[in-house]
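To start, the structure itself, in structure tokens.
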Amino acid sequence: MIPTVTLKDGLQLPAIGFGTYALNGAAGVNAMVSAIDIGYRLLDSAFNYENEGAVGEAIRRSSVPRAQLRVTSKLPGRRQAYAQAIVTIQESLLRARLDYYDLYLIHWPNPKTDLYVEAWQALIDAQKWGLIRSIGVCNFLPEHLERLERETGVMPSINQIELHPYFSQESQRVWDNNHHIVTESWSPLGRASSVLQDKVIKQIAATHRKSVSQIILRWHVQLGAIPLPKSASPERQLENIAIFDFSLSTEEMEQINKLTKADGRIQNQDPAEYEEF
Ligand SMILES: NC(=O)C1=CN([C@@H]2O[C@H](COP(=O)(O)OP(=O)(O)OC[C@H]3O[C@@H](n4cnc5c(N)ncnc54)[C@H](OP(=O)(O)O)[C@@H]3O)[C@@H](O)[C@H]2O)C=CC1
Ligand SMILES: O=C(O)C(=O)[C@@H](O)[C@H](O)C(=O)CO
């Protein structure tokens, strides 16, 4: 059984989800059907991944009713102007052949472009019209979140951020938590980078007779963040979700927390500067 996390608007999410970046076409559909059949109930997609159609097809081919799934997509930077944002949300639904998204997120704040408040107003309205159940953001810093609340009166339910042992984002996680925002972790396995070879995590994995990936994903869950691991392989999908039969001690959590680095981002994507369209 996967525990659940309740958002401030009451929507319940599983404590782990499934990333779909780079899962496209027929192979992508097969990977997503496998993930759903294995037990994932939260799917993370984006307009920019060009796989909303594959997500919808996987849902229809899976053994699980739509209502039991939590389906996410994201608004790209080039569609943040209000009217374009509304059309893009409609287009995301048409591509997936869905009546609603459970979660729709602004993908990047793009602070230099400075349209994210307009985009947020579009998400607020689309939620009122029943197109989206819960609205959130990705890669938002406290200054961006404060501005949303100041100018619209509405705080996001979710902030999806880069988070893995080499970039543990303690201050943003604490900030989110203090404002009743649930943190989701993107690239929770560091996109299969050197973190999967880390000696400290390997030692903890040996103690628990678990894999390094399982220790990392369990660390996310115990931090209170929802990890969204992507895998094209059914074996690794199963491995990644089998993390609810053990727990890490306070000391083990602290050992992993200490691995964080100031320059630990996978790529140079600091949301204060980086813009993605
Ligand atoms: N909001 C945002 O700005 C962003 C959101 N995201 C979201 O987060 C999701 C996850 O991030 P992503 O960048 O995909 O990276 P992940 O950290 O999920 O790593 C994925 C990589 O790890 C490999 N892998 C998966 N499981 C295992 C395992 N048990 N052992 C060894 N290797 C493994 C995968 O290979 P294989 O497939 O062969 O198993 C793949 O190469 C994305 O798919 C997307 O949904 C990602 C980036 C930015
Ligand atoms: O995958 C996503 O959601 C992104 O926002 C991308 O920027 C991703 O982080 C990436 O690195 C693409 O090369």
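Structure above, values below:
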| read-out | value |
| --- | --- |
| Estimated Rh, the chain: Kirkwood, alpha-carbon pairs, angstrom | 18.8 Å |
| Pairwise Cα inverse-distance average, inverted: Kirkwood Rh of region 163-262 (Å) | 13.7 Å |
| Cα centroid of region 107-155 to Cα centroid of region 159-220, whole Å | 26 Å |
| Probe 1.4 Å, protein heavy atoms only - accessible area per residue of the chain in square angstrom | 43 Å² |
| Rounded to the nearest 20 debye, dipole of region 7-116 from Cβ charges on Lys, Arg, Asp, Glu | 20 debye |
| Check: the chain dipole with +1 on Lys, Arg Cβ and -1 on Asp, Glu Cβ, in debye | 680 debye |
| Relative contact order, percent, the chain [alpha-carbon distance under 8 Å, six or more residues apart] | 20 percent |
| Charge dipole (debye, nearest 20) of region 207-277; +1 at Cβ of Lys and Arg, -1 at Cβ of Asp and Glu | 320 debye |
| Longest segment of the chain lacking GluC sites (Glu not before Pro) that sit in a DSSP loop with at most 16 other Cβ atoms within 10 Å | 51-272 |
| Kirkwood-Stokes translational diffusion coefficient of region 205-253, alpha-carbon pairs, 25 °C, 0.890 mPa s, µm²/s | 219 µm²/s |
| Area projected by the alpha carbon convex hull of region 116-232, averaged over all directions, nm² | 8.6 nm² |
| Estimated Rh, region 13-121: Kirkwood, alpha-carbon pairs, angstrom | 14.1 Å |
| Selection from Ile38, Pro3, Ala54 lying farthest towards where the dipole of region 1-91 points positive, charges on Cβ | Pro3 |
| Formal net charge of residues neighbouring Val64 (Cβ-Cβ distance under 13 Å; K, R +1; D, E -1) | +4 |
| Heavy-atom accessible area order for Asp9, Asp102, largest first, 1.4 Å probe | Asp9, Asp102 |
| Within the accessible area of the chain (1.4 Å probe), percent carbon and sulfur | 49 percent |
| Count of lysine pairs in the chain with Cα separation under 22 Å (8 or more residues apart, or interchain) | 14 |
| Net charge, Ala242 excluded, C-beta distance under 13 Å - Lys, Arg +1, Asp, Glu -1 | +1 |
| Cα gyration tensor shape for region 34-181, rounded if a/c is under 1.5, else prolate or oblate | oblate |
| Gyration tensor verdict on region 167-218 (Cα atoms; rounded if a/c is under 1.5, prolate if a/b is larger than b/c, oblate otherwise) | prolate |
| Distant alpha-carbon pairs in region 1-75 (separation over 21 angstrom), percent | 22 percent |
| Per-residue HN-Hα couplings for region 66-81 [Karplus 6.51, -1.76, 1.60; θ = phi - 60°; Hz; x = Gly/Pro] | 3, 5, 8, 9, 10, 10, 10, 9, 9, 7, x, x, 6, 10, 7, 4 |
| Spherically averaged projected area of region 104-153 from its Cα convex hull (nm²) | 3.2 nm² |
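The values are calculated or read from the model by the stated rules, or taken from the named source; none is laboratory data. Nothing here was measured: the structure is a model prediction, and the numbers come from that model. Neighbour counts run over all protein chains shown; Cβ positions are idealised from the backbone, glycine included. Areas reflect the complete protein model, heavy atoms only, side chains present, ligands, DNA and RNA absent. Shrake-Rupley method; radii C 1.70, N 1.55, O 1.52, S 1.80 Å.
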